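The values are calculated or read from the model by the stated rules, or taken from the named source; none is laboratory data. Remember, it's a predicted structure, so these values are computed and weren't measured experimentally. Here the Cβ is made from the backbone with ideal geometry for all residues, glycine too, and neighbour counts use every protein chain on show.
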Amino acid sequence: MAAGDSTEQIDADVLIVGLGAMGAAVAFHASRMGLTVIGIDMHEPPHSFGSTKAETRITRLAVGEGPQYLPFVRRSHEIWRELESETGVELLHQCGGIIITEQIPTPGQRWEDFVVETARVAATADIDYDVLSPGDVRAAHPWIIVPDERNAGFEPTAGLVMAENALRVQLDLAARSGARLRTNEMVTSITPSDDAVVVTTDKGSYRASNVVLATGPWFAELASPAHAAMVEVTRQVVYWFEVDELDAFTTSSIPFVMWIAERDEDYIGLFPMPPGGTPAVKILGEQFLQTTDPHGVDRSVTQAEIDTFYNTHVAPKFTGITRKCVRAEVCLYTNTRDDHFLIDSDPRSDRITVMSPCSGHGFKHSTALGEAVAQTLASGSSDLDLTPFASRSWPSGYDA
Ligand SMILES: Cc1cc2nc3c(=O)[nH]c(=O)nc-3n(C[C@H](O)[C@H](O)[C@H](O)COP(=O)(O)OP(=O)(O)OC[C@H]3O[C@@H](n4cnc5c(N)ncnc54)[C@H](O)[C@@H]3O)c2cc1C
């Protein structure tokens with residue numbers, strides 16, 4: 001039957017709503033495992049409206065966010081390399097990564113002791129990780145104006161994953177394994193029953209044994225009220241600034257930099273240019289003070305915003321980067337209140353799995369998370385432990 005037929009009823013083992021980083025990974029792994037897969041997205045992924053965009057994503061094996069993440073990023077690195085061999089598309093550039101933090105962390109800060117936590121994870125898992133003094137950083141990377149009284153660490157196995165390429169490759173391979181991928185089709189409701197879940201879209205309806213809800217910043221629209229209340233969406237801006245010497249700011253010449261400052265909103269990440277990338281250095285900040293939604297968000301970036309970002313976060317921290325912004329884009333974070341992932345059964349039915357709210361640090365784990373969710377759907381359990389990401393009570397002080 002043709003896509004768009006309003007009477008269409010298709011049975012599938014798994015129907016994935018949303019084909020961003022998370023949904024594409026499930027589609028790829030589930031279809032490779034022999035499950036019948038339908039994937040539906042209201043846009044044409046990769047696209048610029050959600051969270052999977054802007055060329056590159058940081059990946060680190062030594063994940064200071066907590067040891068529960070390590071198996072997922074480690075397995076993701078293996079899968080990125082397997083996908084590269086299979087397709088010839090470059091996905092992972094292990095340029096190394098530097099993390100800089102305050103020496104005395106601010107209590108209550110998002111990742112308050114990140115260099116120390118990162119070193120702890122690295123030590124327990126035998127990952128190369130060097131704790132550096134500010135002098136060491138200045139000697140090796142004179143373009144970073146790091147003051148004294150900072151902690152720093154370097155992981156040589158860290159790097160950047162090509163976001164849109166990884167998405168594209170997984171969707172292509174999923175389709176080749178028989179996944180039916182429908183784009184420009186919006187899911188409007190998900191109704192579980194004892195033996196299936198009925199998914200209604202603006203073009204028809206489908207019956208599937210299981211549904212994966214991977215709708216990123218749109219998560220609250222189809223999630224249960226309990227899960228919807230657990231997440232917040234925030235507007236983030238990504239800037240590409242022209243540099244004096246392009247060769248000095250590529251993935252072959254410098255590591256990425258994550259610079260965690262006293263206030264969460266003073267965090268910045270610097271991404272070197274990957275092969276074929278925008279000819280500039282990509283730098284982003286973070287803010288959690290103003291929440292938004294994917295419909296109402298202001299997707300324009302003003303010159304005043306660019307100037308303020310450059311003057312506050314770029315000029316004082318780096319040399320060789322000009323104030324000429326050649327590209328700027330708005331991207332959306334979908335954060336839980338404790339900044340950890342939410343991957344779990346939906347309270348309405350065990351047949352629905354939610355897996356989108358991955359709190360601004362999800363991409364690096366995405367393909368292994370997709371594999372683990374697909375394994376759970378195929379056989380009832382997964383090689384890697386997803387239970388740390390299940391629904392939880394919030395620590396006191398949170399008002400979820
Ligand atoms: C600026 C920025 C920087 C980041 N940096 C890093 C980093 O360095 N390292 C890292 O590991 N992570 C990083 N992340 C996080 C990472 O990018 C996200 O965790 C990941 O991309 C989320 O993917 P997703 O599939 O959940 O969401 P999305 O990619 O947004 O996909 C959701 C999809 O669902 C579709 N959809 C929604 N509702 C419907 C509906 N009703 N019907 C049909 N389709 C629907 C949308 O069209 C969309 O394609 C960053 C995120 C941002 C925004």
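Points to keep in mind about this one:
- Qualifying residue in segment 313-327 (condition: assigned to a loop (DSSP other than H, G, I, E, B) and crowded, with 16+ Cβ neighbours inside 10 Å): yes
- Any hit, segment 239-251, residues being within 14 Å of the ligand (Cβ to nearest atom), crowded, with 17+ Cβ neighbours inside 10 Å and not hydrophobic (A, V, I, L, M, F, W, C): yes
- For I98: the one exception among (1) buried (at least 17 other Cβ atoms within 10 Å of the Cβ); (2) of a type outside the set (S, T, N, Q); (3) near the ligand (Cβ under 10 Å from one of its atoms): (3)
- Taken residue by residue, segment 209-221 has no member that is over 13 Å from V17 (Cα atoms), surrounded by fewer than 21 Cβ atoms within 10 Å (Cβ to Cβ), away from the ligand (no atom under 13 Å from the Cβ) and within 22 Å of the chain's Cα centre (by Cα).
- Considering residues of segment 159-185 that are part of a loop (DSSP other than H, G, I, E, B) and within 11 Å of the ligand (Cβ to nearest atom) only, the residue surrounded by the fewest Cβ atoms within 10 Å (Cβ to Cβ): N184
- Qualifying positions in segment 261-311 - in a helix (DSSP H, G or I) and farther than 25 Å from D247 by Cα: D264, E265, D266, Q303, A304, E305, T308
- Of all residues in segment 82-90, at least one satisfies being within 17 Å of D172 (Cβ to Cβ), away from the ligand (no atom under 14 Å from the Cβ) and surrounded by 18 or more Cβ atoms within 10 Å (Cβ to Cβ).
- Looking across R74, R57, R81, one residue alone is closer than 23 Å to S379 by Cβ and of a type in the set (D, E, K, R). It is R74.
- Residue satisfying condition, being buried (at least 22 other Cβ atoms within 10 Å of the Cβ) and not assigned by TED's automatic domain parsing to the domain that holds V238, within set L61, L70: L61
- Total residues in segment 126-164, condition over 20 Å from S253 (Cβ atoms) and of a type in the set (A, V, I, L, M, F, W, C): 3
- The lone exception for A125 - which of (1) touching a residue at least 60 places away in the same chain (Cβ under 8 Å); (2) surrounded by 20 or more Cβ atoms within 10 Å (Cβ to Cβ) it fails: (2)
- Enumeration of residues in segment 281-322 that are touching a Leu at 6+ places or on another chain (Cβ under 8 Å) and closer than 23 Å to H47 by Cβ: K282, I283, T292, P294, V297
- Any hit, segment 194-202, residues being within 30 Å of I127 (Cα to Cα) and either more than 20 Å from the chain's Cα centre (by Cα) or buried (at least 19 other Cβ atoms within 10 Å of the Cβ) (or both): no
- Comparison of A30, A24 shows that the only residue that is hydrophobic (A, V, I, L, M, F, W, C), modelled with pLDDT of 95 or more, away from the ligand (no atom under 14 Å from the Cβ) and not in a loop (DSSP other than H, G, I, E, B) is A30.
- Going through (1) under 28 Å from R337 (Cβ atoms); (2) within 13 Å of the ligand (Cβ to nearest atom); (3) under 22 Å from the mean Cα position of the chain (by Cα) one by one, T188 falls short only on (3).
- Single unsatisfied condition, S345 versus (1) within 15 Å of the ligand (Cβ to nearest atom); (2) hydroxyl-bearing (S, T, Y); (3) under 25 Å from L35 (Cβ atoms): (1)
- Residue that is within 15 Å of the ligand (Cβ to nearest atom), among the hydroxyl-bearing types (S, T, Y) and at pLDDT below 95, where the choices are T367, T336: T336
- Yes/no for S359 being on the phi > 0 side of the Ramachandran plot, free of Cβ contacts under 8 Å to residues at least 60 places away in the same chain and either assigned to a strand (DSSP E or B) or near the ligand (Cβ under 10 Å from one of its atoms) (or both): yes
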